[in-house]
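Input: a single structure, listed below in structure tokens.
The values are calculated or read from the model by the stated rules, or taken from the named source; none is laboratory data. Since this is a predicted model, take the numbers as computed values, not measurements. Every residue, glycine among them, receives a Cβ derived from its backbone with ideal geometry; neighbour counts consider all protein chains shown.
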Amino acid sequence: MLFFESLGFGIAILFILIGLIGTVLPILPGTLLIAFTILGYSFFNGWQSPSVLQLILLMTILVIAGASNWWLPAMGAKSAGGAPKRAILYGTIGGIIGLFFGLFIGTIIGYALGVLLGCYQKYRDLDRALKASLGSVAGQGAAALVELGAGILVFILFTVFVLNS
């Protein structure tokens, strides 16, 4: 039985590492892949390793990090150029549309263009709209770093929890 436990742990580690790549290059849903991998591993181990409390901690970290994809670009747009709610909404719609046209780059460009359009419509000031748009791109970069850091932390914690059980 030890062979299959080790094999399962190795497969989980592989998928978590792939998820870490997905946190920086959102071709894959990084934090979601990490979360499902950990939940799947726990399910197949009878919810014993990691424990339920440890799982709650790991999932909380991943949810907060995953949500940063939504609030950090909005914060960047608001702080850099005072983007109104309309610009954030347009940015979100542009990011979703951009996802279908160019994955990672399309999402960034779509979000930035949406913020640019929404901010320009509100203020009729191209300089301000450009600052908000660039702020949203900076926020997306910060979100990727938050997700990567959280993914690394979860990877380390998961490994420690499993090896110490």
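A few points about this structure:
- Residues in the range 123-154 that are of a type in the set (D, E, K, R) and part of a helix (DSSP H, G or I): Asp127, Arg128, Lys131, Glu147.
Yes/no per residue for (1) in a loop (DSSP other than H, G, I, E, B); (2) over 24 Å from Val63 (Cβ atoms); (3) within 19 Å of the chain's Cα centre (by Cα):
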| site | (1), (2), (3) |
| --- | --- |
| Arg86 | no, yes, no |
| Leu89 | no, no, yes |
| Phe100 | no, yes, yes |
| Gln121 | no, yes, no |
| Ile156 | no, no, yes |
| Val160 | no, no, no |
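- Any hit, the range 66-80, residues being in contact with a Phe, Trp or Tyr (Cβ under 7 Å, 6 or more places away or on another chain) and at pLDDT 95 or above: no
- Among the candidates Leu20, Leu14, Leu58, Leu33, the residue that is without any contact (Cβ under 8 Å) to a residue 24 or more places away in the chain, surrounded by 17 or more Cβ atoms within 10 Å (Cβ to Cβ) and within 20 Å of Phe161 (Cα to Cα) is uniquely Leu33.
- For the range 149-164, residues that are farther than 12 Å from Asn69 by Cβ and in contact (Cβ under 8 Å) with a residue 40 or more places away in the chain total 11.
- Residue check, Val115 out of contact with any Leu (no Cβ under 7 Å at 6 or more places or on another chain), more than 23 Å from Thr31 (Cα to Cα) and part of a helix (DSSP H, G or I): yes
- Residue under evaluation Ser42, criteria (1) of a type outside the set (A, V, I, L, M); (2) under 20 Å from Val146 (Cα atoms); (3) at pLDDT 90 or above, criterion not met: (2)
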